[in-house]
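Encoded as structure tokens, the structure appears first; notes follow it.
Readers should treat all values here as calculations from the given coordinates under stated rules, not as data from a laboratory. All values derive from a computational prediction rather than experimental measurement. Ideal geometry is used to build each Cβ from the backbone, glycine not excepted, and the neighbour counts take in all protein chains shown.
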Amino acid sequence: MSSGSPARAIDGRPGRWRFGLKLLQAAISAALLTWIFHTPETRAGIAALLAAADPRWLGLAVVIAGATVAVSITRWHCVLHVLGIPIPFRRAAAIWLIGYFFDLFILGATGGDLMKALLVIREAPQRKITAALSILIDHFTGIFALALAAALFTLSRADTLLAHPATAAIFWLLIAYLALCLSAVPLIIVVGLVPPPAWVRRRDFFRRHGGEVHQAFRAMLTGWRGMLKAAGLSFAAWSGQFTIFYCSARAIGAAVSARDLLAATPISEALVTVPISIAGLGVREQSFQFLLGALGGVPLATAVLVSLGGFTASLVWNLCGGVVFAFYRQRRLH
């Protein structure tokens, strides 16, 4: 493998704080999963549901997970195009899949963004800041889709969710999370339209990179049609994620209504992005337990299996990213 390969960049011994963070994430995941599976009744219920699972629905979930991955890659490539970074679709797909693989190991369900940022910066070293910003901007389009899904489906069940202390807390956490993320929209507009003032340009970082940041945000505003396309693809990706969980529920014959899943999925998807567990494990299952239980009286074992089934369908494509990583070789744009 060449000296410039991404593998070398992560071979070094991590700092103590990084090791401690991974250890904490593993401990939280283990604690949540232990709490979920701690009763014999729950374990027996899960075993019975698994024994009766329909593999055809699980296979369909895997196929839909693959389609969702393809839509997500297309969305990021669209953002790259708006920002003027001409990475071919095939290379963008490889980088995205590698990041998806690393989601399994670092910083919750979005830790792979660190690897994606590293790889895309190496592909476009002359525009490092813009390349890194493409990851952040891609996530913002996802936040818009999540906010739209929450407005359409979750808010309509607010009375039911607020009637239970646990789900009420989760509901307000979703609202706070989306409000915080969407509050960045005015900042994007200001930075894109107004050049940095003199006192900002005097700062060392902004003296070197402020112009590039300004141009990147301005490209978003002038390329608003491309950004709308990316937002639409984000909603398609979210719809795919919901369908994966629906197929998981059908696979085990769970009495979970589509309406309940539509209300629960935006909250669950927001929570797993918080970097407190490995790949969102434990957090997703716990949230489904509370949400589906409150919305439709779904038993614990059923809610957990719906969540784990969806995770397993996506895991197939996470592991495909590992295969891509094994054969990936760095290139630079000319």
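Remark: CYS181, CYS247, CYS320 ranked as CYS320, CYS181, CYS247, counting other beta-carbon atoms within 10 Å and listing the fewest first. Charged neighbours of GLY253, selected by a Cβ distance under 13 Å, balance to +1 (K, R count +1; D, E count -1).
In terms of other Cβ atoms within 10 Å, ARG56, ARG218 run from fewest to most in the order ARG56, ARG218. Region 163-180 and region 276-326 have Cα centres lying 19 Å from one another. Ranked for footprinting exposure by Cβ neighbours inside 10 Å, fewest first, ARG90, ARG284, ARG157, ARG259 give ARG90, ARG259, ARG157, ARG284.
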